[in-house]
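The values are calculated or read from the model by the stated rules, or taken from the named source; none is laboratory data. Keep in mind that what you see is a predicted model, and the values were worked out from it rather than measured. Glycine gets a Cβ as well: all are built from the backbone with ideal geometry, and neighbour counts include every protein chain shown. Keep in mind that these areas ignore ligands, DNA and RNA; they rest on the heavy atoms of the full protein, side chains included. Shrake-Rupley method; radii C 1.70, N 1.55, O 1.52, S 1.80 Å.
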Amino acid sequence: MKIHRNCSLKKFNTFSVDEKAQLLLEVDNISDLANILSKQNRKDEILVLGGGSNILFTKSYDGLIINLKNKGKKIIQEDENSVLVEVSAGENWHDFVLWAIKNDFGGVENLSLIPGKVGAAPIQNIGAYGVELKDIFYSCKGLMLDSLSEFEFKKTECKFDYRTSIFKSTLKNKTLITSVKLLLTKSAHNFNIDYKDLNINLLNTELSVKKISDEVIKIRTSKLPNPKFFGNCGSFFKNPIVNSSKYKSLLDKFPNTPAHKVDADNYKISAAWLIDQSGFKNKKDKNVGVYENQPLVIINYGSATGNELLNFALKIKETIYSNFEIELEEEVIIM
Ligand SMILES: Cc1cc2nc3c(=O)[nH]c(=O)nc-3n(C[C@H](O)[C@H](O)[C@H](O)COP(=O)(O)OP(=O)(O)OC[C@H]3O[C@@H](n4cnc5c(N)ncnc54)[C@H](O)[C@@H]3O)c2cc1C
């Protein structure tokens, strides 16, 4: 275990924001955890941090930050068609995906190259290219931060939805996930290439988990900024979901509004399009701006503070509301 007192959070978040943590523990051994947590009186001041790729620090953190680094992957059940794997929360998500691809296990190929740790994947039900974590999720194990009691939540208990789960609502900041179980395919893979870019490049080719993963990596590398060079947390906002009457009124004013039907009465509108239409294309304000290839991504171009990044995001939010009467919701967690 590594102990950091009054340390900079800069290398612990992909926005590269230089706020401070009073106490940060890098924990690689789960058996140390209960001991550490039992000594912490104010359980509401514990923050579990993974790779810091979905969190914006706007001030110093005065409580205890646990940076989980426990490692391990094991097959706990398998038959001819499927395999149930348990992956430790501290494993890097993309390293795990590459391991699955190497073994020709299907289900995670569309989720290649998403930054962060396995333990954070259920928090916002990570998703990309038509697939969400919930499609392969079996359960997750962990500790309740207040009582230190152990839990194992099955899929239905996690209340997964678009970029959210029970861990972002009722149980927000109340749990520490130590491992995740995923049910992957071994044969008869359910390939999903419905997403436009994948479809164009892979239609009429012989599909494999490796081929889809490689294509996803290629597209993501060309479209998304690498946090090593430009501090960012991927999409800052969720794509807003509006009902059909709102969608109709949008179409009356803006006939080209890109949308995707979610169910009988709801449409998901492209937040990137709303941002572009509102004049934020390539917009930069000192150290902060939107990414040239993807306006949903807000960039720290230098040494921006968390508040500079947040204020820029709020400006986008206000403008979208005044132009379209749509309230954008942050995907990134603001601290
Ligand atoms: C370039 C880029 C592209 C991205 N693309 C996508 C994408 O395509 N799809 C997508 O869904 N996301 C995407 N993201 C967002 C991000 O990668 C995911 O949300 C990821 O799951 C965050 O993992 P993390 O370990 O960095 O979590 P952190 O940012 O460290 O934490 C996020 C939240 O989870 C909580 N948390 C973390 N670990 C645990 C744990 N073990 N137990 C309990 N709570 C925990 C934290 O307290 C915090 O509330 C992208 C980010 C970047 C930078």
Next on the checklist: If I build a Gaussian network model for the chain, linking alpha-carbon pairs within less than 10 angstrom, which residue out of ASP194, ASP146, ASP28 has the largest mean-square fluctuation?
Outcome noted: ASP194
Checklist outcome for this item: Per DSSP, the loop-located trypsin sites (Lys or Arg not before Pro) within segment 267-335 having at most 12 other beta carbons within 10 Å are LYS281, LYS286
Checklist entry - For TYR61, which sequence-distant residues (separation of 5 or more, or a different chain) have an amide H within less than 5 Å of its own amide H, given hydrogens modelled in the peptide plane? => result LYS20, ALA21, GLN22
Next on the checklist: Which one, GLU206, GLU26, GLU150, has the greatest fluctuation when you compute a Gaussian network model over the chain with C-alpha springs under 10 angstrom?
Outcome noted: GLU206
Checklist entry - Of ALA259, GLY234, ILE334, which is farthest on the positive side of the dipole of segment 207-335, counting Cα position, with +1 on Lys and Arg Cβ, -1 on Asp and Glu Cβ, and the Cα centre as origin? => result GLY234
Next on the checklist: Connecting C-alpha atoms closer than 10 Å in a GNM of the chain, tell me which of ASN266, ASN173, ASN239 has the biggest fluctuation.
Outcome noted: ASN266
Checklist outcome for this item: In segment 197-263, the trypsin sites (Lys or Arg not before Pro) that sit in a DSSP loop and have at most 12 other Cβ atoms within 10 Å of their own Cβ are LYS228
Item to check | Estimated [θ] at 222 nm from DSSP helical runs (n ≥ 4, -39500 (n - 2.57)) normalised by residues in the chain, nearest 500 | outcome: -7000 deg cm²/dmol
Checklist outcome for this item: Regression test value, accessible area per residue of segment 146-236, probe 1.4 Å, units Å², expected 57 Å²
Checklist entry - How large is the accessible surface per residue of segment 31-105, computed with a 1.4 Å probe and reported in Å² as a whole number? => result 46 Å²
Checklist entry - Going by the alpha-carbon gyration tensor, a ≥ b ≥ c the square roots of its eigenvalues, is segment 94-234 rounded (a/c under 1.5) or, if a/c is not under 1.5, prolate (a/b greater than b/c) versus oblate? => result prolate
Item to check | Residue-level accessible surface for ASP265, protein heavy atoms, 1.4 Å, Å² | outcome: 80 Å²
Checklist outcome for this item: Amide H neighbours of GLY289 at under 5 Å, excluding residues fewer than 5 places away on the same chain, with H built from the backbone geometry, are ILE299, TYR301
Checklist entry - In the structure displayed, which of LYS181/LYS317; LYS174/LYS223; LYS228/LYS284 lie more than 25 Å apart, Cα to Cα? => result LYS181/LYS317; LYS174/LYS223
Checklist entry - Percent of accessible area on the chain owned by carbon and sulfur, 1.4 Å probe? => result 47 percent
Item to check | Where GluC sites (Glu not before Pro) fall in DSSP loop in segment 47-113, at most 14 other Cβ within 10 Å | outcome: GLU80
Next on the checklist: Just to confirm, what accessible area per residue do you get for segment 271-334 at 1.4 Å probe, in whole Å²?
Outcome noted: 48 Å²
